[in-house]
1. Out of the residues in the range 284-303 that are in a loop (DSSP other than H, G, I, E, B) and open to solvent by 50 Å² or more (accessible area, probe 1.4 Å), which is nearest to GLU128 (Cα to Cα)?
2. Which residue, of GLU11, GLU48, is under 23 Å from GLU128 (Cα atoms) and of a type in the set (D, E, K, R)?
3. Return the pair list, or none, for Cβ contacts closer than 7 Å from residues in the range 105-120 that are in a helix (DSSP H, G or I) to residues that are open to solvent by less than 90 Å² (accessible area, probe 1.4 Å) and among the acidic types (Asp, Glu), at least 6 apart or on different chains.
4. Find all pairs meeting these conditions: Cβ atoms under 8 angstrom apart; at least six residues apart or on different chains; first residue within the range 398-414 and in contact (Cβ under 8 Å) with a residue 12 or more places away in the chain and under 16 Å from ARG145 (Cα atoms); second residue assigned to a helix (DSSP H, G or I) and open to solvent by 20 Å² or more (accessible area, probe 1.4 Å).
5. Mind telling me which of the residues THR83, THR122, THR154 ends up being more than 30 Å from GLN44 (Cα to Cα) and not charged (D, E, K, R)?
6. Are any of the residues in the range 412-419 open to solvent by 20 Å² or more (accessible area, probe 1.4 Å), of a type in the set (A, V, I, L, M) and either part of a helix (DSSP H, G or I) or away from ligand 1 (no atom under 15 Å from the Cβ) (or both)?
7. Do you know which residues across the range 152-172 are modelled with pLDDT under 95 and out of contact with any Leu (no Cβ under 9 Å at 6 or more places or on another chain)?
8. Show me the helices (runs of 4 or more DSSP H) entirely contained within the range 180-283 in which 2 or more residues are within 14 Å of ligand 1 (Cβ to nearest atom), aliphatic (A, V, I, L, M) and closer than 19 Å to VAL410 by Cα.
Amino acid sequence: MDDRTYTAAAEPGETATVAGWVHEIRDLGGIAFLIVRDTTGRIQVKFEKDGMDDELVERGLDVHRESVVAVTGAVEKEDRAPTGVEIVPDSLEVVAEADPELPLDPSGKVDAELPTRLDNRTLDLRKEEVKAVFEIRAEVLRSVRERFRELGCTEINTPKIVATGTEGGTELFPITYFGREAFMNQSPQLFKQLMVGSGLERVFEIGPIFRAEEHNTPRHLNEATSIDFESAFYDHTEAMDACESVVRAAYEGVAENCEAGLETLGLAGEFEVPEDDFPRLTYEEAIQRINATGELDEQLVWGDDLPTEAEHVLGSEVGQHYFITDWPSEIKPFYIKDHGDDPALSTGFDMMHPSMELVSGGQREHRYEHLVEGFEQQGLDPDQFEYYTEMFRYGMPPHAGWGLGGERLVMTMLGLENIREAVLFPRDRQRLSP
Ligand code: ATP
Ligand code: MG
């Protein structure tokens, strides 16, 4: 249908064919309206029954809601119409009839629970506010890609079927690979590191990560989108600068290009690009500040990971995006480099939204002997990682990087209550289809 006009582009004075879904039918007796919706908006189709072909009127008004129709007619200015214009139809074709019973109401008049929405995503995304989330998600990824390019990165794609895990064995999904055991990749970590030692030097990847998370939570998925960055000749502070830049780029892109979507979500007035220079707290300062609030049942001690509650307590204290730096080496993965003068202290960092962790990163251990030692200390068999460690023997520069959860970025940006709202077809413990 190349002669089709989007509803938002229909101009008074022309004859146009619009095509879309029947959003609403209002029959007022002598006059009736059909509201047709497409991806750009809605338009009113007016039936003045007296002067019109009976068959056309009947076809137009007997159609079920959410059917796909194509309407051709004169576009006229009409101040009382929702968009200021309407179409007086010459012809109407029912392109695809919808069942009279719908599993959820795309007009949004009847609320649906999240599982029903996820089971019927096609219908769910006909709702303006749901569609807006995914348009904003697309803009986030577009602007993040653009910023990575500005930072001189090359986009890479690494395998998602792998022979070994990286972040510890418990969260792996095993699969059968031609009779051998393999796994779904938890993170592109090792592959992106192998690429900083290549001729590419600075890389990014946006791709799926798979985690067999123990629990169903509002901020964990079993398949998530990781936004990964890694650069040769960077230390952890430079990696944090890049992280801040990329996160701000996502907000800037949305502020600039998603005005309508933000409006639809009721965020137009309050949406703010986070200020630069995110505060950088050391882990030690972080646990001190958390303990000082007295809000946790038990005081945190050096070496504890921050429980969710602690993240919330500290987040509301800080009140903006911030970094936690200088984590104890023992709770960071083997590939994170220690501070030269203190092996108990790592260059690992997390970047936090006040409500949750968004990013983990750090400088990497690039010295072959230290790397292999680190494997052994974490109870991993270095032989299994030979494909990785070998490359550290042939000129691996110092490097640093991070991984940012794409869905958590969208979720926190838009204040969504559940991470599943930021994914078209989420994977969690119960949900494998659609
Ligand atoms: P958390 O402690 O919050 O479970 P993590 O420290 O295990 O996260 P990392 O391995 O550091 O996660 O992964 C880097 C980033 O990827 C996280 O900060 C988060 O934004 C995102 N991420 C990790 N696991 C998940 C998941 N299961 N669902 C959604 N996003 C995730
Ligand atoms: Mg982490």
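1. First, pick out the residues of the range 284-303 that are in a loop (DSSP other than H, G, I, E, B): 294-303.
The next check asks that each one be open to solvent by 50 Å² or more (accessible area, probe 1.4 Å); those that pass are 294-295, 297-299, 301-302.
Working: GLY294: 43, GLU295: 40, ASP297: 43, GLU298: 45, GLN299: 46, VAL301: 47, TRP302: 47 Å.
Per the stated criteria, the residue is GLU295.
2. Working: GLU48 fails: under 23 Å from GLU128 (Cα atoms).
The unique qualifying residue is GLU11.
3. Taking only residues 6 or more apart or on different chains, the pairs are ARG117/ASP124.
4. Once the first residue is in contact (Cβ under 8 Å) with a residue 12 or more places away in the chain and under 16 Å from ARG145 (Cα atoms) and sits in the range 398-414, its partners that are assigned to a helix (DSSP H, G or I) and open to solvent by 20 Å² or more (accessible area, probe 1.4 Å) give GLY406/ARG137; GLY406/LEU141; VAL410/ARG137.
5. Values: THR83 fails: more than 30 Å from GLN44 (Cα to Cα); THR122 fails: more than 30 Å from GLN44 (Cα to Cα).
When all the criteria are applied, what remains is THR154.
6. no
7. ALA163, GLU167, THR170, GLU171, LEU172, listed by residue number.
8. Numbers: elements: 189-196, 236-257, 259-264.
By residue number, 236-257.
The values are calculated or read from the model by the stated rules, or taken from the named source; none is laboratory data. Bear in mind the structure is a predicted one, so any value in this text is a computation, not a measurement. With ideal geometry, Cβ positions are generated from the backbone for all residues, glycine too; neighbour counts draw on all protein chains shown. Keep in mind that these areas ignore ligands, DNA and RNA; they rest on the heavy atoms of the full protein, side chains included. Shrake-Rupley method; radii C 1.70, N 1.55, O 1.52, S 1.80 Å.
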